[in-house]
Structure formats: structure tokens, C-alpha cells
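Undergrad: The structure is given below, and queries will be raised subsequently.
The values are calculated or read from the model by the stated rules, or taken from the named source; none is laboratory data. It should be emphasised that the depicted structure is a prediction, and the values quoted were computed from it without experimental measurement. Cβ sites come from the backbone with ideal geometry, for glycine too, and all protein chains shown count toward neighbours.
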Amino acid sequence: MEPVQLLDTDGRLRHNPDWPLEITPELCRDLYRRMKRARRFDDEALALQRQGELGLWLQSLGQEAAQIGSVTALRPDDHVFPSYREHAAALSRGITPAELLVQWRGNRHSGWDPAHYRFHIYTLVLAAQLPHAVGYAMGVQRDGSGEIVAAYFGDGASSEGEANEALNWAAAAGAPVLFFCQNNHWAISTPTQIQMRAPLHQRARGFGLDAHLVDGNDVLAVHAVTTAVAEQIRAGGGPALIEAVTYRLGGHSTSDDPGRYRSASELDSWTARDPIARLEALLTREGWLDAQFRAEVESECDGLAEETRKVCRELPLGDLGELFGAVLTEETPLLATERRGYRDLVSSYVD
Amino acid sequence: MEPVQLLDTDGRLRHNPDWPLEITPELCRDLYRRMKRARRFDDEALALQRQGELGLWLQSLGQEAAQIGSVTALRPDDHVFPSYREHAAALSRGITPAELLVQWRGNRHSGWDPAHYRFHIYTLVLAAQLPHAVGYAMGVQRDGSGEIVAAYFGDGASSEGEANEALNWAAAAGAPVLFFCQNNHWAISTPTQIQMRAPLHQRARGFGLDAHLVDGNDVLAVHAVTTAVAEQIRAGGGPALIEAVTYRLGGHSTSDDPGRYRSASELDSWTARDPIARLEALLTREGWLDAQFRAEVESECDGLAEETRKVCRELPLGDLGELFGAVLTEETPLLATERRGYRDLVSSYVD
Amino acid sequence: MPVLTLSKAINTGLRKALEDDPRVVVMGQDVGGLGGVFRVTDGLQKDFGADRVIDTPLAEAGIVGTAIGLALRGYRPVCEIQFDGFVYPAFSQIVSQLAKMRARTGGIVSLPVVIRIPVGGGIGAVEHHSESNEAYFAHTAGLRVVCCSNPRDGHWMLRQAIQNDDPVIFYEPKCRYWSNGEVSDQPGVLPPERAEVVRPGSSLTVLSYGGMIQTCLRAADAAAAEGHDLEVIDLRTLSPLDLETIAGSVERTGRCVVVHEAPTFAGLGAEIGSAVTELCFYHLEAPVLRVGGFNIPYPPAKFEDQYLPDLDRVLDAVDRSLSW
Amino acid sequence: MPVLTLSKAINTGLRKALEDDPRVVVMGQDVGGLGGVFRVTDGLQKDFGADRVIDTPLAEAGIVGTAIGLALRGYRPVCEIQFDGFVYPAFSQIVSQLAKMRARTGGIVSLPVVIRIPVGGGIGAVEHHSESNEAYFAHTAGLRVVCCSNPRDGHWMLRQAIQNDDPVIFYEPKCRYWSNGEVSDQPGVLPPERAEVVRPGSSLTVLSYGGMIQTCLRAADAAAAEGHDLEVIDLRTLSPLDLETIAGSVERTGRCVVVHEAPTFAGLGAEIGSAVTELCFYHLEAPVLRVGGFNIPYPPAKFEDQYLPDLDRVLDAVDRSLSW
Ligand SMILES: Cc1ncc(C[n+]2csc(CCOP(=O)(O)OP(=O)(O)O)c2C)c(N)n1
Ligand SMILES: Cc1ncc(C[n+]2csc(CCOP(=O)(O)OP(=O)(O)O)c2C)c(N)n1
Ligand SMILES: [Mg+2]
Ligand SMILES: [Mg+2]
């Protein structure tokens, strides 16, 4: 099965009657801006990690089309359950650089109020967010509201029992969930063929979900498919899965050395399929990338980069004492005692 | 998709060129004898439970064709990982009534040496045996021997994460496993439609396994399909799944009251599809069920019943002290102390 | 004050919770038409519908995981795990997600999820159906762990747990399901975070919970016949522990025996022993002694009477403590 | 006597085991080409092939579950769990299958499976990557639980664990992976079931293991400067505990402090405290004191130095014990 494509690797539009999308300059420019911002933010975060300002960073480099094409196809009141690499999606949803970085600086475990952004905190335990998404969607069903829930996960995470429980459960319950898998070919050093024999979209159909394969580096295809699938779910069509074929252009994380397990030629071939370059080729060809817009985007990205650098260094640290009160709604006597002991010890240093 | 059938519900042979099977009187009589024995054993065990001789019993009633048609299609050196209701399969493999009952009498947790029968002990934690089967098959792969591994599980168990991990893992590893699901329509009180939206054989294909749906109350169909699929796995074709549609004619267990959740008419309709009656109809029609053979089987079953009743009451109890030595290969000082304390206490009662 | 079995008392507690708060949902395997394998949810689906009393697929991680999702959406799920030994497939969801969500979000997100677990032995069950796994959850920060021992507590502690905004592991001793007790229509004076002195005494403090309370009370009767006046405390809350009540008692009696079904090694009795020793060091006439299941996997049914602490083993520990 | 890092010492231990016994297989996520995220399996797949050093799908229950199957077939699998916080999806396989198989079969079936778990904090990691979950497994009958603290033990304890026919949970303190130590080519005199007195002393016994041993040794140095002569014992085996060595020491010193990274509540220190108190009651001048992680979920990296027991907190407990 061929992945859905609306834009070929040279940035030429391909006619695809199955997935109608009104391809306007506004849409393309908006997606372009979002992708450029995400890329720039990712670059800055990587640099900050290299400078020791972040403990760890997991790049979204190369996956901007998959994330932004999909998240912009959702409605603002739809709910997103991300994995941990969805910075492009998060930024696109309005989560701020400060909120995104604080976890990776090591100051907090999460940076934003999930209810406010309708974007759950990151989940580092692979696939654990997928049953949460299904449960949330069961709540939506019971509320009778027209929202849907989107859950992001990776090719590797799909091997976990919980991922499969979630696919099956969502199908059985008819819950309004859109499972969005970014198949970026690797789970750290493990290639997809170690994880699975059949492609994931085929597996999803086996569970009774509607499923589609899309070129994840083609932002228009991702956007078109996600829009259509989201509306179908919203209309009561039951859960669905989109498998977006993309590539992690960076290492797994800043602790990873991808040179140990993947070839330079593989990387080169995917660099040549860069999702931003592809959209840029379209914009250029269509004359939608005038100097003014280009400058506008450039300066917006510069501003974002500056903000990112600035807020990162200024991220509030809080103190361990606060955590004692956050464990349960009421601090237990044991925690109160420990907090006092901790404070005494801290102040004894100060003396 | 229609389940494979070789014998219609009236016991008439149906021509099915896809699943060739040499239907000889010997084969049919052998299967008949095994099924009759299994049914009789199950009846006795149920009676023993009702008399208080067993703590619990889970009947295999109605599932004899699925179990015996499949297990007899394996070679003696193939390995079986059962769930907990596979008494018909176990008996057919030579496991004795005493070995089968001791667990349900509450004397031991398991009754036989799994290596001896190439039949693993029962697993009560649903689906937990499925990764074991896959691992065992990985060992077989590494040994380069021509064995295959058969794993039994139920429709309900298929919802567990571990069941799906196992299907996926087996497919990815190309391990020689035959997953055999007895879809008996119920998981205690939960009907299949609560567990899943799409049928299990479709799901298995989604994982990249070869999969088949078979009439589980048609022993010839089960035997034919299992034989062919087993040989295909043996030849290196990778794992496969057989979904056998059958029905649990009894309650979930002797603690269950199925009247609370299923209709009498449903039960009646399946009683009418009794797998033994169906084969008996064929045997009768073909003239393979002469008086002598009938008497032979009858007396064999009587003997089995008598043995069952007898051995059950005589099952050795052992003593708790032995268990301390069975936890680890060497008894730890803590366990040795506890065992001594336990023995002292026991002997203090005797005094 | 109606007299109810524990099973029925919990059932009416669930019913009340479902009536009082439309956000409460009950979910688990076979909780609907069957009313649960112990009939604890009997009749609830009929009265509140399949959307609020949810028969789930057979997947424990899914039960707890979707309950977390429902809680994020504003619901208050009460999950049933069918038997103690089947909570382990949900372990990752419980310890890494349910327990930690509040701390991970700095207190922004609370997860009011109750996980009901029929616990312990004494009912002649097959393997995996008689486990006592409270120590795993007690060791997990971010969970409240409670255990009822009688119908009154089954009813009221459950309603309090459902009202609590924290995740609660709610243990129900299977061997007590069919025992009767009075259930008042008021919660009484005992808050959920307190232990209860169920028998006051002066010679030695016996600490226990759940299915072992009856054994301890019988032991106290037997000891009384020999002139020893045991104080028996039903812990009720296992995490946090009510150390105030516990230490108050041990300071008076100077001796303490902890009784539970779980194996003693690294069990809850170990925590109690260490905490009590630290709090009451100069009051102790003997070390805190522990009576528990032996440190072997739960045995076959025929041996459970010998495996579980019984009158003799409790009294033996009491004697050892008294004569230390 | 080559000097190796802990990571390399374990690596050579695995290599030796793979060489010595064709039934040994190594399996886990990224253990092949990458050599594991901590490089512990570096180079092994290249030398022993992908059939013996197996890159698995991303499924922990599957890793342990298939390892059990391989062991049933006669293999001796050594599984790597990538980080401590990711062992929970395998919890049911570990506690209900791996730990219980031998007891369930009355001793007929042994499962020689080793589960290697990089454990604990101190490396500035994100959440779920710094957990200390040994108490869960110590409380589980049927498992051996060990923890190495230095390259010699990393190498030899692992080889001994692989040779053992019982399931072993093998903890490797992440914060020590890059620390050097001598690794002899002989196992030495210390059997795997013994604790080691790593610093003899007379005023107080400090019990610890894994990543905390260094902190305790530094604390002993600091205390020595104040005239207190601490004995430091590296437990090595957490289940079973070497109570002979432990009690022998506490009987001499009369005081005991247990130090571990895990939260104290129902942690391994609780067991040690209760067991030591029972064994050494009349020798104790003070209650056994516990120093551990606070009873909150592991904090963000910036706070781990304050969360984990450090010199000050250990010395504070030592002082409290000495002045009890
Ligand atoms: C349950 C669990 N096991 C192991 C890990 C360690 N781990 C973190 S990311 C990762 C690979 C994930 O791959 P994939 O799901 O494809 O996502 P990607 O990183 O490619 O975005 C692994 C093994 C984890 N976080 N959680
Ligand atoms: C992990 C786990 N959860 C719950 C149970 C309780 N339980 C025992 S049998 C059963 C139903 C199983 O149904 P199915 O797999 O269809 O097998 P069947 O009983 O129909 O043969 C349940 C829920 C269990 N044994 N294990
Ligand atoms: Mg990936
Ligand atoms: Mg069934």
C-alpha cells in the first residue's frame, strides 16, 4: 500500500481525488510558518542542551510535517495525548517555549496545565498515554460532546501491550480516538522490522479501526487525511489510526549516538526528503513565498529563538519542599515530618 | 467470512477442497473415542466438585471438538501451552485424571511434569502463557529442531496486552507458534462483542500472522485446518492463528451461575450443535459405529469414570513443609527457620 | 441500623455514590449483568445503565488506564479488579501513572480513582486468587491504601474513598464478604485516616487489618483466659499509617505484635515494626513481632489454613513477646 | 587484576557467560548494535550473533515472558530492562510467573532467568529513569534480589547469578557505571549470599547497597574525624538478606543506620529494621534508623541531590543514633 501523498518529494502537487484539500496560499503559509518555528525551536533547544542548559533533549527534527499537519487538523477543543517528542505539535497548540523546556531542564516533570491547552503532559513510559486517551474519549462519549481525542505514539511504542489494549478497547467501545503513529523508522537503535512484521495500519484494521497510511513528510497529505479522519470520528464513525511515515533526522536523544546503528546513506536519503524543504519548494514554485513573508517568518523565528534562549536560563526552579504538598491532596503526617526535616537540614547549611 | 466446516450440523460431510483430509473410519473413531472420554471425564469431575471432592471445576463441556481436533493434529514432540480449560486436550495427550484433578482438589498448583508430556502446566493468569509459548518457540528456532509450539487461549484473554504482545512478537520473530483460540462466546459473563469489534482471526492477520476461522464444533474441520497449519509452520511459514468458534455449554466454573447472563434459547441452540452428537451422526450414517465399538467406548469411559472417582479421593496431599524447599533451588535461612517453626507448631498440636 | 453482609454493604456504598454524584462510574470485568464474581456490584448496571456501570474488556492495564483518562475528563471511576492476583498487569499504570500524576503536574491534576481489590485468602481458591499485595502499593508514594474489615467500614470507607480526590487502593477481604455487621446511615466519628481500637487492652498491642481482625480478636479472647489483656487495633488505613494511634497504644502496653496475611519479608509489618520501634524505643519490652503468611508463594487451598496466621501462631507470638 | 568500569566489568561478565555456556542468551531493547543505552552489552552481538544477543521488540512483559519460555526450553536468558521505571509492564510476568513457577510445579521446573536492571538516581535523568524498586521484588517470594556496588561484584555476582538456577533480579547502580575498580580473574572468597563488611568499625553499623555505598564510606570518613568508628556493610544480596553478618555487626556496635535511595516507607530498610531489632533487641542502644529517598515520587533532576541521602543526612542519622 502506498502512503497518501499530495506533494511529491520535489514539492509538486499530486492530484489525489480521494483526499480533497483546498490548497490555498494561506493554508500553505500557515503550515510553513508553524514548521519553521518548530524547527527553529528544536535547533535552539538542542543548542541549549549542548551548552548544558538542558539535561536532555529529544529532537522533533524531521517530524514537523507529521506533527503540524495533524495537530492543525484538529479543532481547538479536541484533546491531544502526546508521547514525548511532540514539540512541534505542542508549540503549534500554543504551549510556550518555557513550558516546553522546563521538564528537560530538570526543574519539573511537566510544564503546562493540560486542561488549559487540551494537551496532556508528556508521557515517557511508552504507550501509557494510549489507554488514557481512550478513557478520556469514553468520557467525551458520555458527555455527548462533539470533541475527539488524538493520541500520538511511535513505531516502537506500538509493541507494548498497553498500545494494543488501547487499540482494541477503543474499537470495542467505539470511542472517538484518533491514534496517530509517527513511524520514524527507529526506536532508539531498533528498526521497525524488529518491532513488527506487518505495518501498523494493517494491524489497526485487524482490530476493527479505520486506518490510513500517509507520507508523514508531506504536510498537506497529513493535513488532508487527518482532517477527513477527524471529521469521520466526530460524526460517530468510531476510532481510527493514521500511520505517518517519517524519519527522525536527529539522534534518539542528546544522549544517543545514532552513528552506531544507522548508515550515513540512510540519513542522507531522508535529509533529501526534508518536510520543510518540500513545502518550501511548493511555495516557491507557486510564488507564495515572497520576500516579505519570508522575512516575516525569519524574524518571527529569530524572536522565538531569542525567547527560547532567554526563558530557558530564567526558568523558575521552585524547591523540593513544594513537592511534598503535591503528592496527595492533603499532606500526610509522614510527609509533613519529612518536609520539616528537609527544611531544617537545608537551613542548617545556610547557617 | 464463514468458518471452515467439513461436517455440517447434521453430521453430513461437506466437500471442502481447500482443506483436504483423509476421512477414514479409524480417524473418526479415534476422535470420537477421545471426545467421549473427555466428556465423561468432565462429567465426573463436575460431579466430584458437587460432592465436595474438588474445590472448583471449569468444564470443557462443548469444547471437545476444538481441543481434540487440534491437539491430535500436532506431533507428539510438539509443545503445548494450555490455558486452564484444556482438559480434553490434556487427556488426549496422555495426562492422567489424577494429574488433572490434583490442582482443582486444592492439593497442588499443578499436576504434571510439563517436560514429560510436552504440555505446560495450566496458566490461570489470562494470556500469561502466550509469551512463554513464543519464547519456547524461539528456543526451538535456535535449536533448529522441527518442533512447533501450540498455545491455547480464550476469546476473553485476547484482550490482554500480553496476548497482543505475543502475537506481535511471534510474527516479528517468525517463531513457530500456532495460536489456537477457542472463541466460546463468553468470558465469564462478558460476551465477545464487549472484548472486540473485529473478529480475532482478522486481528491476527493485522499482526502479519496467517489466520483461519474454523467451526470449532466440527472436529474434522478443526483437525484438517490444524494439521495443515501446523505443517506450514513446521515448514518455516511463521506463526499462525486458528480461531475456533465453539461454545461453553457449562458455566464458567462451578462457582458461576450462567443463568444470570445468558439466555436459555442461546444455550439450547448450542446444545443442538453438540460436537460429539455431530460426529456420532456421521459415524452412524456411515455405519462406522457398530455395536461392538460402541460398547468398547462405553466400557472405556466407564473405566475412566471409575478411575477418576477413585484417584480423586486418593490424591496424595503432601504437606506444607515441602513447599518451603520448592520456592528456590536452595532453601534460604529465613525459609529454613519458618519451616522449622511451622513443624514445631504442627507437632505441638500433635502432642 | 440495618445489618448487612460486607458484600452488600459495599454494594450499597457504591449505589449511594452513584446516586449522589453523576461523575461516579463503576467499571471492571463482569461488574454489569453478573454483578461481579462476588456480587458486589449486583443490580447496579440495571439501575444506573451500562454507561455508568461498565463491563470492560479483559485487560487490567486498560481498566486502570482508561479510568485515568476518565478521571482526567472529570469522572470519578471506581474500578474493580476481579482478584488480587490480577492487578499486576495494571501495575505500571498504577505506580507510574495513577500514583504519580499529581506530583508530576505539581499538584495541578488530581486523579480521583478508586481501585477496589478483593484481597487475601481463606476462601479455598486456586492460585493467584488469594494474594495480599498491599505492601507493593504502600511502598508507592502517591497512593492511599486502605483495607476494610467489616460492613460498616466497607460501606463508609468506600464512600469516603470515592469522595477523596486522591487515588485509593481499596482492599476488601474476601473471607469477610459474607459476614454480617451493622451499617449505620451516618459515617460515625471515625475519619478515614484513623485506625480503630477494636478491643482496648493493656498487656500488648495487636495490630492488624482486613481478614485477620477476627483471628486477632479471637486470640485476644483466648489470651484473656490466661490473664493477658490484649489491645487489638484495626489499622484501616495502611498508607498513610495512623502512627499516632499505634504509638499511643504501644507506649502504654510496651509490646506489639503485627498480624497480616502477606508474607512478612518486606511486608507492611516490617514498616510498622521499624516505625514503632523508632517512635516507642524506650517503651518497648520486646521487639515488635510479626506474624504473617510464610515467605513462600501462596499455597494450594488445602494448605491455606496452615499458611495463614491462625489463633495458635498469633498466640505463639504473643507469648514470645510477653516472655521476652 | 585489570581495572575496569562497572559497565565494562558487567560487559566482560556477560561475555564470559556467553563463552562458557551456549545456553546463555542476552536479550533486551537495543542490546545489539547499540550495545545498550549504557553500553553494558557493547560488542556482544557482533561476537556472538543476533541469535544469542537478541534485540527485542519494545515490550517488557514480552521480554520477561519470552525469557521464561526460553528457560523452559533449556536456555539461560539474561534480560536487560532499559531503565528501572520500565520494569513495571513486566510485573505480572515477574511476580506471578517467573517467581512462582518453581513453587507451582513443586520444584520440578526451575527458571534460570536473570533480569538486569540499571537502578537508582544520581545521573540527572528525567522521570521514570531513577527508580529504586527493589522492595517490590524483595517482598516477592521466589526471587533472588541482588545489587552490586563495584566492578568486582558487577562482574562476579552477575556470573554467579547466571549460573544460579533461580530467577535473579540483578540491580546495577547507574551512578556507578563509569567508576573504576579492580576485577580479579577469580571470584574471591565471598559467596553470593553474603554481605561484605567494606569498612570495619565499632561504634555503629551502616547498612547499604548499590549507589549509596560510596556515600556511606564518605560518611564514615567524616564521622571518623569526629571520633566515631563506623562499620559499613555492603548488603550485596537484598533477598535473602545475610542476617548473620548484619546481626553479628549490630550486636557488636549496638547501633544501626540503613541507607538506601528508595523511599523509606515499606522499603527494604523497614525489613532490615524489624529483623535487626528482633535479632539484636538487647544489644540495641538506639532504634535502627533509616535514611532513604523521601516518600514522594522521584523528583525532577535538579532536586535529586536533595532527595537522595547525602553525607549530611547519613551523618545526621548517625548522630541521632549515637545520641539516642
Ligand atoms: C515502557 C518503556 N520502555 C522503554 C523505554 C525506553 N525508551 C524510551 S524512548 C524508546 C524508543 C521509542 O521509540 P518510538 O516509540 O518509535 O518513539 P520515537 O523515540 O521514535 O519517537 C525507548 C525504548 C520507555 N521510555 N518506556
Ligand atoms: C489477568 C486475569 N484477569 C482476570 C482473570 C479472571 N478470569 C478468569 S477466567 C476469566 C474469563 C476468561 O475468558 P476466556 O479467555 O474467554 O476463556 P474461557 O473461560 O471462556 O475459556 C476471567 C475474567 C484472570 N484469570 N486473569
Ligand atoms: Mg520511532
Ligand atoms: Mg471464552
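Undergrad: Which residue out of A:GLY259, A:GLY287, A:GLY251 is in the same structural domain as A:LEU74 (by TED's automatic domain parsing) and on the phi > 0 side of the Ramachandran plot?
TA: Unique residue meeting the criteria: A:GLY287.
Undergrad: Also, I was wondering about something else. What number of residues within the range B:49-81 satisfy the criterion of being within 16 Å of ligand 2 (Cβ to nearest atom), more than 16 Å from B:ASN183 (Cβ to Cβ) and touching a strand residue (DSSP E or B) at 6+ places or on another chain (Cβ under 9 Å)?
TA: 3
Undergrad: Under 9 Å between Cβ atoms, which residue pairs at least 6 apart in sequence (or on different chains) link something in the range B:1-28 that is assigned by TED's automatic domain parsing to the domain that holds B:LEU283 with a partner that is among the basic types (Lys, Arg)?
TA: Pairs found: none.
Undergrad: Would you please name the residue that is farthest from the other protein chains (Cβ to nearest Cβ), looking only at residues in the range C:91-127 that are surrounded by 24 or more Cβ atoms within 10 Å (Cβ to Cβ), touching a Ser or Thr at 6+ places or on another chain (Cβ under 6 Å) and without any contact (Cβ under 8 Å) to a residue 60 or more places away in the chain?
TA: Result: C:VAL95.
Undergrad: Picking from D:ALA286, D:ALA219, which residue would you name as being in a helix (DSSP H, G or I) and touching a residue at least 24 places away in the same chain (Cβ under 8 Å)?
TA: Of the residues listed, the single one that is in a helix (DSSP H, G or I) and touching a residue at least 24 places away in the same chain (Cβ under 8 Å) is D:ALA219.
Undergrad: For the structure I just gave you, tell me whether A:ALA157 is buried (at least 24 other Cβ atoms within 10 Å of the Cβ), within 19 Å of the chain's Cα centre (by Cα) and within 13 Å of chain B (Cβ to nearest Cβ).
TA: yes
Undergrad: Can you confirm whether B:LEU91 is modelled with pLDDT of 95 or more, under 13 Å from the mean Cα position of the chain (by Cα) and more than 16 Å from ligand 2 (Cβ to nearest atom)?
TA: The answer is yes for B:LEU91.
Undergrad: Another question, then. From D:PHE265, D:PHE303, grab the single residue that is modelled with pLDDT of 95 or more, part of a loop (DSSP other than H, G, I, E, B) and under 30 Å from C:ALA99 (Cα atoms).
TA: The match here is D:PHE265.
Undergrad: With the requirement that a residue be of a type outside the set (Phe, Trp, Tyr), more than 10 Å from chain B (Cβ to nearest Cβ) and surrounded by fewer than 24 Cβ atoms within 10 Å (Cβ to Cβ), what does the range C:26-50 give you?
TA: Correct list: C:GLY43, C:LEU44, C:GLN45, C:LYS46, C:ASP47, C:GLY49.
Undergrad: Does A:LEU56 satisfy being within 22 Å of A:HIS212 (Cα to Cα) and not small (Gly, Ala, Ser)?
TA: Criteria not met by A:LEU56.
Undergrad: Suppose we filter B:GLY146, B:GLY139 for residues that are in a helix (DSSP H, G or I), farther than 22 Å from A:ALA204 by Cα and in the same structural domain as B:PRO82 (by TED's automatic domain parsing); which single one remains?
TA: Just a single option satisfies the conditions, and that option is B:GLY139.
Undergrad: From C:ASP229, C:ASP312, C:ASP305, grab the single residue that is within 14 Å of chain B (Cβ to nearest Cβ), over 23 Å from the mean Cα position of the chain (by Cα) and on the phi < 0 side of the Ramachandran plot.
TA: C:ASP312
Undergrad: I would also like to ask the following. Spot the failing condition for B:ASP268; the list is (1) buried (at least 16 other Cβ atoms within 10 Å of the Cβ); (2) free of Cβ contacts under 8 Å to residues at least 24 places away in the same chain; (3) part of a helix (DSSP H, G or I), and only one is missed.
TA: In the conditions (1) buried (at least 16 other Cβ atoms within 10 Å of the Cβ); (2) free of Cβ contacts under 8 Å to residues at least 24 places away in the same chain; (3) part of a helix (DSSP H, G or I), B:ASP268 misses (1) alone.
Undergrad: How many residues are at the interface with another protein chain (Cβ under 9 Å from one of its Cβ atoms) and not polar (S, T, N, Q) if we restrict to the range A:69-111?
TA: Selection size over the range A:69-111: 9.
Undergrad: Among the residues of the range A:74-122, count how many are within 16 Å of ligand 3 (Cβ to nearest atom) and within 17 Å of D:VAL126 (Cβ to Cβ).
TA: 7
Undergrad: Just the residues that are surrounded by fewer than 24 Cβ atoms within 10 Å (Cβ to Cβ) and more than 17 Å from D:GLY269 (Cα to Cα), please, taken from the range D:283-298.
TA: Scanning the range D:283-298 gives D:HIS283, D:GLU285.
Undergrad: Further question: May I ask you to verify whether C:ILE162 is under 22 Å from C:VAL25 (Cα atoms) and assigned to a helix (DSSP H, G or I)?
TA: So C:ILE162 fits the description; yes.
Undergrad: Exactly one condition in (1) part of a helix (DSSP H, G or I); (2) among the polar types (S, T, N, Q); (3) near ligand 1 (Cβ under 10 Å from one of its atoms) is not met by A:GLN202; state its number.
TA: A:GLN202 satisfies all of (1) part of a helix (DSSP H, G or I); (2) among the polar types (S, T, N, Q); (3) near ligand 1 (Cβ under 10 Å from one of its atoms) except (3).
Undergrad: Also, quick follow-up: Counting just the residues of the range B:152-199 that are in a loop (DSSP other than H, G, I, E, B) and in contact with a Lys or Arg (Cβ under 9 Å, 6 or more places away or on another chain), which one comes out nearest to ligand 3 (Cβ to nearest atom)?
TA: Going through the qualifying residues, I end up with B:GLY174.
Undergrad: Then there is this: Out of the range D:176-189, which residues are in contact with a strand residue (DSSP E or B) (Cβ under 6 Å, 6 or more places away or on another chain) and either within 14 Å of D:MET157 (Cβ to Cβ) or not in a loop (DSSP other than H, G, I, E, B) (or both)?
TA: Passing the criteria: D:ASN180, D:GLU182, D:VAL183.
Undergrad: Quick check on the range B:171-193: of everything there that is at the interface with chain A (Cβ under 9 Å from one of its Cβ atoms) and touching a residue at least 40 places away in the same chain (Cβ under 8 Å), which residue is nearest to C:ALA90 (Cα to Cα)?
TA: B:ALA171
Undergrad: May I ask you to say which residue of C:ILE272, C:ILE213 is more than 21 Å from B:VAL346 (Cα to Cα), in contact with an Asp or Glu (Cβ under 9 Å, 6 or more places away or on another chain), in contact (Cβ under 8 Å) with a residue 12 or more places away in the chain and away from chain B (no Cβ under 14 Å)?
TA: Answer to the check: C:ILE213.
Undergrad: Being surrounded by 24 or more Cβ atoms within 10 Å (Cβ to Cβ), touching a residue at least 40 places away in the same chain (Cβ under 8 Å) and at the interface with another protein chain (Cβ under 7 Å from one of its Cβ atoms) narrows it down to one of A:VAL214, A:VAL134, A:VAL149, so name that one.
TA: Going through A:VAL214, A:VAL134, A:VAL149 in turn, the sole match is A:VAL134.
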